[in-house]
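Colleague: Right, I'll just put the structure down here and ask away after.
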Amino acid sequence: MSSLPPLEDPVAYVVVGPNDQRGPYTLELLVSEVAAGRLADSTPVWWPGLADWTTLGSHAETAVLIAVRAQPAPAPAPEWAQPAPAPAPAPAPAPAPAPAPAPAPAPAPNAFAAPAPAPVEVVEIVETVAVAELVADDGTVVTEIVDVTDFLAEDGSVVAEIVDVTEIIEVDPQTLADYEALVARSSQRASLHDRVESADESLVLAVIEAAVGLGFGLDDRTDLERGHELRFGEVGGDLLEIELGRVTAQSPEDVRFAHVPLMVSYRSGSFQGEADPGDGSHGAVTITSDEWTGQSASTTSLFLDLQSYFSEDLFVDAAAVQRDLGATIAVVRGKLS
């Protein structure tokens, strides 16, 4: 008997950063995110019934669910294979080769024979290494490692010389201190960037959770530089598409003063009405028809002010997200009823 709670019940919590606990989410959503590679299987997770925090990858039952969903579907077997062609008949034997021509007579000796080659001078290769230290005008020590290869003739004279010079310049303390200060500032900005990215991901998960709570199943998620595209399916075959802009801010404190665009589109094949371009006002719902698929789509575009959904600690108010997204979906879907 499984020790897991129902996969569709929002009872699971995760920790995505220091002192950053999120939830509740359904295990269905968390397992799907890990199987798709968007959530690490080492993320701490807890649900009622566990004595302590665990991870989806180490818990036996959730690890099995992740492994099953991460496996690619087997390739379908071919329904019919064309029979191999019959072998071609063997070629007729080739005719016997013609007899070889008689050898040509040897040429007469040349009266002007070429002179004998001059003796080759023996060359010995000797490799040496030289090290030199130079002092620049600013006092910086420059070390030169010189790899010299001499080609010596038998009489000891140098006939060629190849020099490979590698310069190693020591970094002075002030330059090193400037670089370390730059790394420190960059590390601080990276930490702030990670917090903004975490806020963006938590909002996406809240939108997915809200749509799933309204009876839709997540079919596909595409993360782009400008935002996220989410596609959901419904039991009746209708489709829900949500485009959510990416959360961007100069600092975590600025997140609550920003906004993201939201586009919600509902597609149905049973709508018998006419297209409606809307009145052009903000939030108006438009209806378009696709003659190729036979589906109609109702669509609206809005802006989400993030102050309504994030606390000062950048925790997402999941109830507020579900309230507003649920109202938007209801209005958009109602246009096709």
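Colleague: Does at least one position in the stretch 227-236 carry a residue that is surrounded by 15 or more Cβ atoms within 10 Å (Cβ to Cβ), modelled with pLDDT under 95, part of a loop (DSSP other than H, G, I, E, B) and not aliphatic (A, V, I, L, M)?
Modeller: Yes, that holds for at least one residue.
Quick grid of which residues meet (1) at pLDDT below 50; (2) more than 20 Å from residue 14 (Cα to Cα):
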position: 41; (1), (2): no, no
position: 45; (1), (2): no, no
position: 48; (1), (2): no, no
position: 54; (1), (2): no, no
position: 61; (1), (2): no, no
position: 66; (1), (2): no, no
position: 73; (1), (2): no, yes
position: 80; (1), (2): yes, yes
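Colleague: Another question, then. Please go through the stretch 1-48 and give me each residue that is more than 16 Å from residue 207 (Cα to Cα), out of contact with any Asp or Glu (no Cβ under 7 Å at 6 or more places or on another chain) and in contact (Cβ under 8 Å) with a residue 40 or more places away in the chain, ordered by number.
Modeller: Scanning the stretch 1-48 gives 5, 16, 17, 20, 36, 47, 48.
Colleague: Looking only at the stretch 256-294, which residues are hydroxyl-bearing (Ser, Thr, Tyr) and surrounded by fewer than 17 Cβ atoms within 10 Å (Cβ to Cβ)?
Modeller: The answer is 270, 281, 288, 289, 293.
Colleague: Scan the stretch 223-251 residue by residue and report those that are among the aliphatic types (A, V, I, L, M) and touching a helix residue (DSSP H, G or I) at 6+ places or on another chain (Cβ under 9 Å).
Modeller: Of everything in the stretch 223-251, those that are among the aliphatic types (A, V, I, L, M) and touching a helix residue (DSSP H, G or I) at 6+ places or on another chain (Cβ under 9 Å) turn out to be 230, 240, 242, 244, 247, 249.
Colleague: Do you know which residues across the stretch 196-220 are surrounded by 16 or more Cβ atoms within 10 Å (Cβ to Cβ) and either without any contact (Cβ under 8 Å) to a residue 12 or more places away in the chain or in a strand (DSSP E or B) (or both)?
Modeller: 218
Residues are listed down the side, and each one gets a yes or a no for (1) surrounded by 13 or more Cβ atoms within 10 Å (Cβ to Cβ); (2) assigned to a strand (DSSP E or B); (3) without any contact (Cβ under 8 Å) to a residue 24 or more places away in the chain; (4) under 30 Å from the mean Cα position of the chain (by Cα):
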site	(1), (2), (3), (4)
296	yes, yes, no, no
304	yes, yes, no, yes
313	no, no, yes, yes
324	yes, no, yes, no
330	no, no, yes, no
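Colleague: Search the stretch 12-27 for residues being surrounded by fewer than 18 Cβ atoms within 10 Å (Cβ to Cβ) and in contact with a helix residue (DSSP H, G or I) (Cβ under 9 Å, 6 or more places away or on another chain), and hand back the single one that is modelled with the highest pLDDT.
Modeller: 24
Colleague: Still on this structure: With the structure loaded, tell me whether residue 193 is out of contact with any strand residue (DSSP E or B) (no Cβ under 9 Å at 6 or more places or on another chain), closer than 26 Å to residue 24 by Cα and not assigned by TED's automatic domain parsing to the domain that holds residue 36 or whether it fails that test.
Modeller: Judged against the criteria, residue 193 is a match.
The values are calculated or read from the model by the stated rules, or taken from the named source; none is laboratory data. Keep in mind the model is a prediction, meaning the values are calculated, not measured. Using ideal geometry, Cβ is built from the backbone for each residue, glycine included, and neighbour counts are taken over all protein chains shown.
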